[in-house]
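The values are calculated or read from the model by the stated rules, or taken from the named source; none is laboratory data. As the structure is a computational prediction, the values presented were derived from the model and not from experiment. Note that each Cβ is placed from the backbone with ideal geometry, even for glycine, and that neighbours are counted across all protein chains shown. We work out accessible area using only protein heavy atoms, side chains counted, and drop any ligands, DNA or RNA first. Shrake-Rupley method; radii C 1.70, N 1.55, O 1.52, S 1.80 Å.
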Amino acid sequence: MKTLIIPTTLAQTKLDCDGVIIGLKGLSVNMPNYFDITDLKKIKNKEIFICLNKNMHNNELKLLEETLIKLNDYPIKGVLFYDFAIPNLKDKLNYDLVWNQEHMTNNYYTINYLKELGINYTFVSSDITLREMQEIKQNSTSKLLVTLFGYLPLFTSKRPLVNNYLKTFNLKDTAKTNYLEKEGHLYPIVSDDQTVLYSDFILDGLKESLELNYDYMVLNSFKIEPSLFEKVLKIFKEVNIDNIDDKNKLLNNLIPNLKKGFFYEETVYKVK
Amino acid sequence: MKVELLAPAGDLDRLKIALLYGADAVYIGGTLFGLRANAVNFSLDDIKQGVIFAHNLKKKVYVTVNIVLHNKEVKLLIDYLKELEEIQVDAIIASDMTVINLAKKHTSLDVHMSTQQSTLNYESVAFAKKIGVTRVVLGRELSKEEIKEIKDKVDIELEIFIHGAMCASYSGRCVLSNYLTNRDANRGGCSQICRWDFDLYNENLEQIKGLKNFTFCSKDLSLLKYLKDIIEIGVTSLKIEGRMRSIYYIATVVSIYRKAIDAYYKGNYIYDELAEETLNRVANRDAIPQFFDGNYQENCSYYNNRIEISNQDFLGVVIDYDKDKKIATIEQRNYFKKGDVVEFFNYKQEVFTYKIEDIYDEDNNLIDIVRHPKQIVFLKTDFNLDINTLMRIKVDKSLNL
């Protein structure tokens, strides 16, 4: 599997990885940072994916289309999308699209259908089991990405929820990232022009990286101290069947808040 | 073309009430593939009965098939879609592209794009049209101007929510329920974590404490105030949220919007503040226009100071009426007693005020209090009552339906 990182800084794009996923100002959400399109020129010798995953409104379509067309002139591999406005503009683009509706990319039938429509990549959801991820690989010819390390976005809203709370109770705080606490669990919450709540844990897919034969594994640097992130990246790059126990121990010593998410647990939806 | 009033129905009784009280169409969930897994929901036989009932009234039934599918669920899907086609449902509502694809490939069903896709712009709507969707249920984050622009740019049926609860997130973009309670929000198990309280901390992990705790919770949506504007935009369908709601809620909300829509087409529509108050009262929650008027800031949020004391206005349902003896058979829904002043309201928008005097139970005993759920009692009235007329307590102000 190739390794993609979602960097917080441009400096991190120089880390030892195969590629990067970059968010752009005004068109992305759930990203640790938002870059200018001209920053892409500073990224060398990496596969570059651009994540334009906002839910778009009419008044953002002009910027979206201009940006998509400008990206034709950059050496990018593909654009990750949430909103189907982007596939609707596909005929104007010379790069691949990556279906990235983070909680909906859950079955291979839809992945295959979108491939029929010319969408050759899917960023598979983290809300499904490892078994389901493997089934997707076995039954799909699309190129597949999956997050194997990092906080997971759980909630995205157009509402500025933290600011609303501060205003209602006449409170002041200028932090971009806050935390919500419930029953001892701390959830990072980012509120700028939208609100995103992240998981209270960092997904650990180290062992699973040996079991999933995907095209790309994604490591997200959001809220991970840069020197730690570099070490984590090294562990994921070096792990193999022979050293998994040592690497696993190393990772757990570095990062205390690791969990396996839904790799081994199915959600339920009918309460008896 | 007159705008469609589309109501929710959690079961066959509510389907009938919604249609009788003035909805042009209802949306329902089957026992499979719907986003309200914990509602009663409709078996295929129930759906068939509902479709026959609706079609006899020249009304429509749409079936939600709007879960986000996992691999194993797809296997059952084609047969289910074919059954829905055979039953002659008027459309399905889908969010997963596989449902849309298989419905187009294997059936002649009309497909409506669910609001779970949070479709908010004309390019996305154009994409939906391209893949064969006949109607798009727009996301709730849109202003009047945005909806109009979409309508002007893409020739397709548009449906918008006009009333009911709101997701705090973009629909489909929340898995709080999955991660906090293991219940899958996008497969019908949402446990409404957005209504929980949380403590808010700053970056240094110092608590930021207001008078109430932080919550994601949003007030409800009501677009009664903007009904004229909405109709004039030219959308096809106006949707009421709430497949888990009671028959009283559905009857009341549908009646109010039915009356307002009919008044608009007769040229005498006036925004009725009393009707708005009734809408708030029946839901026990404040309802505001939300994104439609561009105001989605702090006034949209609830911070656990919401009034959600169970509403006990709804007293009973008329299940029979003996015209010769002028005796109504009432099935109880909430406590009432001799001396209460009540109102009967029906789908013809008639309201009868009545002071309860003699109450007889099933053994013909005279009783003073009706306290048992679904207890059957008999009241003598001077006016005729239709079956499915509802009885509510009379509040100080007329409910003005």
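When the test is whether a residue is aromatic (F, W, Y), touching a residue at least 60 places away in the same chain (Cβ under 8 Å) and crowded, with 23+ Cβ neighbours inside 10 Å, B:F127 does not pass it.
Examine region B:237-244 for a residue that is part of a loop (DSSP other than H, G, I, E, B), open to solvent by 30 Å² or more (accessible area, probe 1.4 Å) and within 7 Å of another protein chain (Cβ to nearest Cβ), and state whether such a residue exists. No, there is no match, as no residue in region B:237-244 is part of a loop (DSSP other than H, G, I, E, B), open to solvent by 30 Å² or more (accessible area, probe 1.4 Å) and within 7 Å of another protein chain (Cβ to nearest Cβ). Entry remark, region B:274-300: residues being at pLDDT 90 or above and over 20 Å from the mean Cα position of the chain (by Cα) number 1 in total. Note on region B:188-212: residues that are hydrophobic (A, V, I, L, M, F, W, C), surrounded by fewer than 19 Cβ atoms within 10 Å (Cβ to Cβ) and part of a helix (DSSP H, G or I) total 0. Collect the residues in region B:110-124 that are assigned to a loop (DSSP other than H, G, I, E, B) and crowded, with 24+ Cβ neighbours inside 10 Å, keeping them in residue-number order. Passing the criteria: B:S114, B:S118, B:T119, B:L120, B:N121. Take A:T168 and tell me if it is farther than 21 Å from A:D16 by Cβ, open to solvent by less than 20 Å² (accessible area, probe 1.4 Å) and of a type in the set (S, T, N, Q). In short, no.
If you go through region B:152-167 and keep only what is surrounded by fewer than 22 Cβ atoms within 10 Å (Cβ to Cβ), charged (D, E, K, R) and either away from chain A (no Cβ under 11 Å) or at positive phi (or both), you end up with B:D155, B:E157.
Of the residues making up region B:53-107, those that are in a helix (DSSP H, G or I), open to solvent by 10 Å² or more (accessible area, probe 1.4 Å), of a type outside the set (A, V, I, L, M, F, W, C) and farther than 27 Å from B:I17 by Cα are B:K72, B:E73, B:D79, B:K82, B:N101, B:K104, B:K105, B:H106.
Selection within region A:19-68: residues that are within 14 Å of chain B (Cβ to nearest Cβ) and among the β-branched types (V, I, T). The member of this set that is farthest from A:T195 (Cα to Cα) is A:T67. For region B:206-230, the tally of residues that are under 19 Å from the mean Cα position of the chain (by Cα) and of a type in the set (A, V, I, L, M, F, W, C) stands at 6. Among the residues making up region A:131-152, a single one is closer than 23 Å to B:N204 by Cβ and either facing chain B (nearest Cβ under 9 Å) or part of a strand (DSSP E or B) (or both): A:G150.
For region A:153-186, a tally of residues being within 8 Å of chain B (Cβ to nearest Cβ) and either under 17 Å from the mean Cα position of the chain (by Cα) or under 26 Å from A:V124 (Cβ atoms) (or both) returns 5. Each residue in region B:168-183 was checked for being outside any helix (DSSP H, G or I), open to solvent by 10 Å² or more (accessible area, probe 1.4 Å) and either small (G, A, S) or more than 21 Å from B:Y303 (Cβ to Cβ) (or both), and 2 of them qualify. Scanning region B:213-233 for residues that are more than 14 Å from chain A (Cβ to nearest Cβ) and assigned to a helix (DSSP H, G or I) yields B:L224, B:K225, B:Y226, B:L227, B:K228, B:D229, B:I230, B:I231, B:E232. For the condition at pLDDT 95 or above and more than 10 Å from chain A (Cβ to nearest Cβ), B:D96 does not qualify.
Every condition in (1) within 24 Å of the chain's Cα centre (by Cα); (2) at pLDDT below 95; (3) not hydroxyl-bearing (S, T, Y) holds for B:A25 except the one numbered (2). With respect to the stated conditions, B:I28 is surrounded by 21 or more Cβ atoms within 10 Å (Cβ to Cβ), in contact with a Lys or Arg (Cβ under 8 Å, 6 or more places away or on another chain) and closer than 25 Å to B:Q192 by Cα.
Residue pairs whose Cβ atoms lie under 7 Å apart, sitting 6 or more positions apart in sequence or on different chains, and linking a residue in region A:177-202 that is small (G, A, S) to a partner that is open to solvent by 40 Å² or more (accessible area, probe 1.4 Å), are A:S191/A:N163; A:S199/B:Y179. What number goes with the only condition from (1) modelled with pLDDT under 90; (2) over 26 Å from the mean Cα position of the chain (by Cα) that B:Y360 does not pass? Condition not satisfied by B:Y360: (1). Count, please, the residues in region B:157-167 that happen to be in a loop (DSSP other than H, G, I, E, B) and in contact with a Ser or Thr (Cβ under 7 Å, 6 or more places away or on another chain). Count: 1.
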